[in-house]
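Taking it in order: structure first as structure tokens, then the write-up.
The values are calculated or read from the model by the stated rules, or taken from the named source; none is laboratory data. In this text, all values refer to a predicted model and were calculated from it rather than measured experimentally. Neighbour counts run over all protein chains shown; Cβ positions are idealised from the backbone, glycine included. These accessible areas exclude ligands, DNA and RNA; they are computed on the full protein's heavy atoms, side chains included. Shrake-Rupley method; radii C 1.70, N 1.55, O 1.52, S 1.80 Å.
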Amino acid sequence: MIEKVLKGKSTYWMWLAVLGTFIAIGAACYVRQYMFGLGLTGMSRDVSWGLYISQFTFLVGVAAGGLMLVLPYYVHDYKAFGRITILGEFLAISALIMCLMFIMADLGQPLRGLNVIFFATPHSMLFWDMCVLWGYLILNCLCGWVILTAERKQVHPPKWIYIFVYISIPFAVSIHTVTAMLYCGLPGRHFWLSAIIAPRFLASAFAAGPSLIVLACLVMRKFADFDAGKEAIQKLTTIIMYAAIINTFFFLLEFFVGYYSEMPGHMHSLEYLFFGLEHDGHVYNNLVPFMWTATAFSFTGLGILAYIKIAKVFDYRLVGTAAALIFFSLWADKGLGFVFGGFVPNPLNEVTEYIPTANELGITLGIWATGFFILTLLYKIAVGVEHEIEA
């Protein structure tokens, strides 16, 4: 099956070449950071988590979103997801690899990551985050490859593999729950100190992951002659719509708690994100355009999906537009606003605004390109197996 990645159209090789260019740029930036240290980043004493951890936080949700394909197919026997369940498992693999790469980039010296194993501290959420991330990655690699191999041979998968499929379901929930606990377990940061962070993370995950799968299916429909099926895409759009609505509701609750109760810790962070925070005669508002753009994208995407459901029309262009808008809105919310907003103001009521450096952006683009490179190869294998079976 691996040989299938060595054959493809010119567009396939051009896409890999573009990704390879960004990977090379990211590698060069990482070598520079490795030599000179994290002082090359925009992080500081007051903003100790920057672009790397914010992308990790978002991508954990993308990985967990694959659950929305595994659960209906294996537990509820929803046959329409038969062709795309493997896509969810392969998406989780690439997203988790990106998560681990972002953690390594944030550590500065990658060998520090071994301290979590050599000096294990079970009372720390970081220890459990390592366990669930690696566990979910191994489970998806095992289940995806064994099931795809059986599909290629046109035989039933071995019964023992379903044990690991069912184990992967609570792991999918736990990777984002434990990540949420990393934030809501910090009493010094009031914006994160909320019991609703974990369910809010899961709601956004169940919208972001399926949105990316929908976009991938539409791309493969156009360039790889792979049709996931109208019923499967329609069901995914339904999942995306409800998950995005729940996520929006949870986010609005943060506004209610902050402004109705007049809690300064919540109010100031939300004010910084959406209106700009005035401090010592200066207005800090770098994230305001991103957050209002994310808000517009979210409501526009939900409006398109509602129109599709109410008017009972199905158009791949509308579906793709809605999925893209919701995906990028969630990226701006969790990949930028949630993490950076929690640092403003700091526990001493001082404001330090975070601006990523060019070196950080280069490493971030390189890691994203690596993830899409791996995802492209995995999807090439999956689509190749489907074409082989059809032939």
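Around the Cα centre of the chain, unit charges on the Cβ atoms of Lys, Arg, Asp and Glu (plus for the first two, minus for the last two) sum to a dipole of about 1140 debye. Accessible-area rank, largest first, for 6, 330: 6, 330, with all protein chains present and a 1.4 angstrom probe. In order along the range 377-388, the Karplus-derived 3J(HN,Hα) couplings, from 6.51 cos²θ - 1.76 cosθ + 1.60 at θ = phi - 60°, round to 5, 5, 5, 4, 5, 4, 5, x, 5, 4, 5, 5 Hz, and Gly and Pro are given as x.
Measuring r between the beta carbons of residue 306 and residue 262 and using R0 = 25 Å, the FRET efficiency lands at 0.15. Surface calculation, 1.4 Å probe, protein heavy atoms: residue 128 sits at approximately 110 Å² accessible. When the trypsin sites (Lys or Arg not before Pro) in the range 75-183 are filtered for DSSP coil states and for at most 14 other beta-carbon atoms within 10 Å of their beta-carbon, the remaining sites are 159.
When you restrict to C-alpha pairs under 8 Å that are six or more residues apart and normalise by the size of the chain, the relative contact order lands at 30 percent. Computed from phi, the 3J(HN,Hα) profile of the range 94-105 under the Karplus parametrisation 6.51, -1.76, 1.60 (θ = phi - 60°) reads 5, 5, 5, 4, 5, 4, 5, 5, 5, 5, 4, 5 Hz, with x in place of Gly and Pro.
The count of lysine pairs in the chain whose Cα atoms are under 23 Å apart, excluding pairs fewer than 8 places apart on the same chain, comes to 24. The string of couplings for the range 198-214 from the Karplus curve (6.51, -1.76, 1.60, θ = phi - 60°) is 4, x, 5, 4, 5, 4, 5, 5, 6, 9, 5, x, x, 4, 5, 5, 4 Hz, one whole number per residue in order, with x for Gly and Pro. Where only DSSP H runs of four or more residues are counted, the chain gives -23500 deg cm²/dmol as its mean residue ellipticity at 222 nm, each run worth -39500 (n - 2.57). The label-point distance for residue 238 and residue 391, in a model that sets each label 7 Å from Cα toward Cβ, rounds to 3.6 nm.
With a 1.4 Å probe and all protein chains kept in place, how do 156, 190 rank by accessible area, largest first?
156, 190
In the assembled protein chains, residue 189 presents an accessible area of approximately 40 Å² (probe radius 1.4 Å).
Taking amide H atoms as placed 1.01 Å from N in the peptide plane, the amide H of residue 278 lies under 5 Å from those of 284, each 5 or more residues away in sequence or on another chain. Rounded to the nearest whole Å², what accessible area per residue is found for the range 2-390 with the 1.4 Å probe? Per residue, the range 2-390 has 46 Å² of solvent-accessible surface. Rounded to the nearest 10 degrees, the angle from helix 51-64 to the longest Cα principal axis of the chain is 40 degrees. Sorting 259, 354, 242 by accessible area puts them as 242, 259, 354; the probe is 1.4 Å, largest comes first, and only protein heavy atoms count. Under a model in which nothing but the beta-carbon of Lys, Arg (+1) and Asp, Glu (-1) is charged, the range 1-111 shows a dipole of about 340 debye around its Cα centre.
Comparing 311, 147, 99 along the charge dipole axis of the range 2-390, the residue lying farthest to the positive side is 147, per the Cβ-charge model. Accessible surface of residue 256, taken over heavy atoms with a 1.4 Å probe and every protein chain present, rounds to 120 Å².
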